[in-house]
Amino acid sequence: MKYRAAIFDMDGTLINSLEDLADAVNEMLEHYGFPTHPLEPYRYYVGNGARKLIERTVPAERAADKNFVDEALKYYDGCYQRHLLNKTRPYDGIIEMLERLKAKKIPRGCVTNKQDFAAQALTEKLFPIGLLNAVIGDRDGLPRKPDPAKALKIASDFGVEPSAVAYFGDTSVDMQTAVNAGFLPIGVTWGFRPRSELVESGAQVIIDHPLEIFDRIEF
């Protein structure tokens, strides 16, 4: 069938933000005198929002302390604002892919579990105006992925039924989100997680480069 809208995850799908995320968390950990982590484990620490990122990276006994996690999360937010654009860039081919979708008049959205302030700032700084029609990050009142509420809100705002939405992501959370929303789940292999995770989580299509979507999906 022909798909009438495209919705994307952000981290690991549109942008490579792993180093800045890791640097910000490690700065927070150093502030509290905790051990820091090398880059690779962050591929699995991220994906479920900033609070879960803090809980996964601080020592277990502190992760169980809600008040401490609140405090650490606030400190981390300041760290991430400083690191936000140090190394983060769109993946090769992403801008051209979005431009081609725009030329086809296919609406383009982004749903992410990262803090909304960060999602909006990254969109403004890294993408030309109008290349993404809607971006929703972690906001009060809207549950995090894999709950499909945010993704379905964008589809509704676009006036496109879920079955006509192609959803792109790099993690099991993204594939579960797409399945829960009734979208076509498309896994991307250039991100943070392996192909096997995408397949096991319900991906119906796997792509290895952004421009491959035009060979695999009919818009």
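With a 10 Å radius around each residue's Cβ, average the other Cβ atoms per peptide and rank 62-68, 142-148, 158-164, 7-13, highest first.
Packing order, densest peptide first, comes out as 7-13, 142-148, 158-164, 62-68.
Taking the chain, how much of its Cα-Cα pair set, in percent, is spaced more than 26 angstrom apart?
32
Counting only heavy atoms of protein chains, what accessible area per residue, in Å², does the range 171-219 have with a probe of 1.4 Å?
Ligands and nucleic acids excluded, the figure is 39 Å² per residue.
Evaluate the charge dipole of the range 107-219 about its Cα centre and quote only its size in Debye, nearest 20, assuming +1 on the Cβ of each Lys and Arg and -1 on the Cβ of each Asp and Glu.
On the way: 11 positive and 15 negative charges, 46 e Å.
Taking the Cα centre of the range 107-219 as origin, the dipole is about 220 debye.
Quick check: pseudo-label points 7 Å beyond the Cα along Cα→Cβ at Asp70 and Asp208, how many nm apart are they?
My value for the distance between the label points is 4.9 nm.
Express the relative contact order of the chain as a whole percentage, based on alpha carbon pairs under 8 Å and six or more residues apart in sequence.
Dividing the mean separation by the residue count of the chain yields 26 percent.
Can you count the Lys pairs in the chain whose Cα atoms are under 18 Å apart, with each pair 8 or more apart or on different chains?
Counting lysine pairs in the chain gives 16.
Calculated FRET efficiency, Ala63 and Gln120, Cβ-Cβ r, R0 35 Å, to nearest 0.05?
In this case the efficiency is close to 0.80.
Using the Cα centre of the range 176-218 as origin and beta-carbon charges of +1 (Lys, Arg) and -1 (Asp, Glu), tell me which of Leu184, Pro194, Phe214 is placed farthest towards the positive end of the dipole.
Selected residue: Pro194.
What ratio of Cα Rg to 2.2 N^0.38 Å holds for the range 98-141? Could the numbers behind the result be given before it?
Values: Rg = 11.1 Å, N = 44, 2.2 N^0.38 = 9.3 Å.
Relative to the rule-of-thumb radius for its length, the range 98-141 sits at 1.20.
Rounded to the nearest 5, what % of the DSSP beta bridges within the chain are antiparallel ones?
Approximately 10 percent, going by the DSSP bridge assignments.
Would you work out what percent of the accessible area of the chain, with all protein chains in place, is carbon or sulfur (probe 1.4 Å)? Walk me through the intermediate numbers first.
Numbers: 4620 of 9570 Å².
Its accessible area is 48 percent carbon and sulfur atoms.
Using 0.36 nm per residue of separation minus the Cα-Cα distance, give me the extension gain between Arg82 and Phe34 in nm, one decimal. Numbers along the way, then the final one.
Working: separation 48, 0.36 × 48 = 17.28 nm, distance 2.00 nm.
Gain in length upon complete extension: 15.3 nm.
In the range 105-187, what is the volume of the convex hull around the alpha carbon atoms, normalised per residue and reported in Å³? Write out the running numbers ahead of the final one.
Working: hull volume 7.5 nm³, N = 83.
Convex hull of Cα atoms, per residue: 90 Å³.
Considering the dipole of the range 34-136 built from charges on the beta carbon (Lys and Arg +1, Asp and Glu -1) around the Cα centre, which of Leu98, Ala63, Asn113 is farthest to its positive end?
It is Leu98, whose Cα lies furthest towards the positive end.
The values are calculated or read from the model by the stated rules, or taken from the named source; none is laboratory data. Quick caveat: nothing in here was measured; it's all calculated off a predicted structure. Reconstructed Cβ throughout: ideal geometry from the backbone, glycine too, with neighbour counts over all protein chains shown. Ligands, DNA and RNA are excluded from the accessible area calculation, which covers all protein heavy atoms including side chains. Shrake-Rupley method; radii C 1.70, N 1.55, O 1.52, S 1.80 Å.
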